[in-house]
Amino acid sequence: GESSYCGDWADGFPHGSGVETLQHEIYDGRFKSGKRHGRGILKTKCNNIIYEGAWEDGLLHGKGIYKYEYQEKNSYEANFKKYEGSFSHGLRSGEGILLLTDGSRIEGSWVEDRPVSGDWCISYVHGSNFFGLAKCKKNIAMFCLPVPHGFGTLRHSNGNSYSGSFVDGIYVD
């Protein structure tokens, strides 16, 4: 595909600030030895921002915001709307918040693109919130989503609240 670069160069490579235009996307940001490195924004040809944040060695690395609505999604990302948090070598890794297309929100720890069992804050579509231990359970698309498992608190939108033990998402006295 067609690509072009306009910006700073060093030793024959993009280095410093520049704009790289590819067939379907535009990157505007920092380069090091020809690779995306430092702060940068990746957007579609129609100027919709796909990713804004840190890069290292050509990959998403550090803090950033990734919007899935303008990108081809693999099957387990089908329900993703936006991820805000840490990346490592192109993968979601560290603390992060994922917004899903149904309006729910999950906040917790990620390793190699997947949520991991531990402390989570989960905001459900119908207005209830869970804070506490959750384990990751595969859903239909084979993507792991955290479900309450262990000690936690569930607050319903009507004001009712339950604190105690949960097993596979179900409150047990």
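The values are calculated or read from the model by the stated rules, or taken from the named source; none is laboratory data. As the structure is a computational prediction, the values presented were derived from the model and not from experiment. Ideal geometry is used to build each Cβ from the backbone, glycine not excepted, and the neighbour counts take in all protein chains shown.
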Can you find a residue in the stretch 50-68 that is farther than 30 Å from HIS15 by Cβ and surrounded by fewer than 15 Cβ atoms within 10 Å (Cβ to Cβ)?
no
Do we have CYS136 as out of contact with any Pro (no Cβ under 9 Å at 6 or more places or on another chain) and in a strand (DSSP E or B) here?
no
Going through the stretch 142-168 one residue at a time, which ones are surrounded by 14 or more Cβ atoms within 10 Å (Cβ to Cβ) and either outside the structural domain of GLU107 (by the TED database) or touching a residue at least 40 places away in the same chain (Cβ under 8 Å) (or both)?
PHE143, PRO146
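Okay, residues lined up against (1) in the same structural domain as SER88 (by the TED database); (2) within 19 Å of LYS82 (Cα to Cα); (3) among the basic types (Lys, Arg):
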| position | (1), (2), (3) |
| --- | --- |
| CYS6 | no, no, no |
| TRP9 | no, no, no |
| GLY16 | no, no, no |
| VAL19 | no, no, no |
| LYS32 | no, no, yes |
| LYS35 | no, no, yes |
| GLY38 | no, no, no |
| LEU42 | no, yes, no |
| ASN48 | no, yes, no |
Taking the residues in the stretch 72-90 that are over 13 Å from GLU112 (Cα atoms) and either hydrophobic (A, V, I, L, M, F, W, C) or assigned by the TED database to the domain that holds GLY40 (or both) as candidates, determine which candidate is modelled with the lowest pLDDT.
ALA78
Could you name every one of the strands (runs of 3 or more DSSP E) located completely within the stretch 72-111 that has at least 2 residues being in contact with a Pro (Cβ under 9 Å, 6 or more places away or on another chain) and of a type outside the set (Asp, Glu)?
91-100, 105-111
Out of the residues in the stretch 83-118 meeting the condition of being out of contact with any Cys (no Cβ under 8 Å at 6 or more places or on another chain) and hydroxyl-bearing (Ser, Thr, Tyr), tell me which one is farthest from TYR70 (Cα to Cα).
SER109
Among the candidates LEU100, LEU60, single out the residue that is within 17 Å of the chain's Cα centre (by Cα) and at pLDDT below 95.
LEU100
How many of the residues making up the stretch 112-132 are closer than 27 Å to ASP57 by Cβ and in a strand (DSSP E or B)?
2
